[in-house]
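Let me begin by presenting the structure, written as structure tokens, before commenting on it.
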Amino acid sequence: MKICLTGGTGFIGSRVKSFFEHKGFIVENVTRADIKSSVESWKHKLDGAEMLINLAGAPIYKRWTPAYKKEILNSRIETTLKLLEAFKQIENKPSLVLSASAVGIYDEYEIHDEFSDHFGTGFLADVCKQWEASIASIATETTRLAILRIGVVLDSGGGALAKMLPSFKMGMGAVIGSGEQAFPCIHISDFLSAIWFLYQNEESSGIFNMVAPDIVSNKYFSKKLGEVLHRPVLLKIPQSLLKLGLGDGAVVLTNGQKVKPNRLIKLGFSYQFPSVNSILEDILK
């Protein structure tokens, strides 16, 4: 069985690749070099694949210069449009397409399930809207599409938590901004299990919020992380300081969305780590 994967060298993509290889799948990784070349040169990777997982996209935890904002957008939209072009040309199409989006599509005020239409208005929300729209037409009677609105995926070996750990271990951990913004997150193991669940469940199409059910604030998360590490969390990073360092990209840290994974739960998915407490205690045990 073959899976076609974009973004396979990134933090999440590399975990997805290993997960499916351990289950006996052949994982064909479509790289940025492949995507920049002609469709003809790489569509054979997609032809005959049982599933396509589209995770390609430049990291958002960087300073957002005008040029980098363009890269954030293009790395998602252009990649997806090229995948769609190749998809239309191949004979043996995947029966399932999982395509990444982000909880950043939502506003920071309401509590959002998958049917929420209270979307944000900033750059990141606009990127998510375009990202989802660019893949929508891939869904057909024979190919189901699941769009994954992903929160912060937590694992000690990569991603946001790995960047936070050194300062927290030194007792230099800090609450970001007001600390009241939501921190939607999910354990890497539950993220991978949810993908496997969607693959196996033939009813799984449409939007899925890829977060744990627990809604907590940045302040709560930071304090709990310090508690698990037996370190104090006494500092606070002002929003103005973050904006100096990250420009408009500071909103990724200072804004947060209150998100519930209702569709996964209603379909019968069971979380191994449903709370922030259980997530951190497992990862850092």
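Where a number appears in this text, it was derived from the coordinates with a stated rule and is not lab data. Small disclaimer: the values here were computed from a predicted structure and weren't measured. Here Cβ is always computed from backbone atoms with ideal geometry, including for glycine, and neighbour counts include all displayed protein chains.
Values as computed for the structure displayed
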item: Most mobile listed residue (GLY24, GLY247, GLY256) in the chain, GNM with C-alpha springs under 10 Å; result: GLY24
item: The stretch 85-151: relative contact order as a whole-number percent, Cα under 8 Å and 6+ apart; result: 48
item: Under 23 Å from the Cα of LYS285 - lysines, other chains or at least 8 residues apart; result: LYS163, LYS169, LYS219, LYS223, LYS224
item: Cα centroid separation, the stretch 176-238 to the stretch 241-285 (Å); result: 2
item: Lys, Arg +1 and Asp, Glu -1 on Cβ, resulting dipole of the chain about Cα centre, debye, nearest 20; result: 900
item: From the C-alpha gyration tensor of the stretch 149-240, square roots of 5λ in Å; result: 30, 14, 10
item: Cα-based helix-to-principal-axis angle, 218-229 vs the chain, degrees rounded to 10; result: 80
item: The chain, Cα convex hull volume normalised per residue, Å³; result: 121
item: Dipole magnitude of the stretch 93-143 about its Cα centre (Cβ charges: Lys, Arg +1; Asp, Glu -1), debye to nearest 20; result: 360
item: Relative contact order (%) - the chain, alpha-carbon pairs under 8 angstrom, separation at least six; result: 19
item: Residues whose placed amide H lies under 5 Å from that of MET210, excluding near-sequence neighbours; result: ARG149, ILE150, GLY151
item: Taking only Cα atoms of the stretch 76-185, radius of gyration then Dmax in Å; result: 17.7, 57
item: The chain - share of DSSP beta bridges that are antiparallel (%, nearest 5); result: 10
item: Of GLN89, THR79, THR65, farthest towards positive along the dipole that unit charges on Lys, Arg, Asp, Glu beta carbons give the stretch 57-108; result: THR65
item: Cα shape, the stretch 1-88, gyration tensor, a/c 1.5 rule; result: oblate
item: 3J(HN,Hα) from dihedral phi, the stretch 135-143, Karplus parametrisation 6.51/-1.76/1.60, rounded to Hz, x for glycine, proline; result: 9, 4, 6, 6, 6, 9, 5, 10, 10
item: Most positive-pole-ward Cα, VAL16, LEU165, SER217, against dipole of the chain from beta carbon charges; result: LEU165
item: Dipole magnitude of the stretch 115-237, debye to nearest 20 (Cβ charges: Lys/Arg +1, Asp/Glu -1, about Cα centre); result: 740
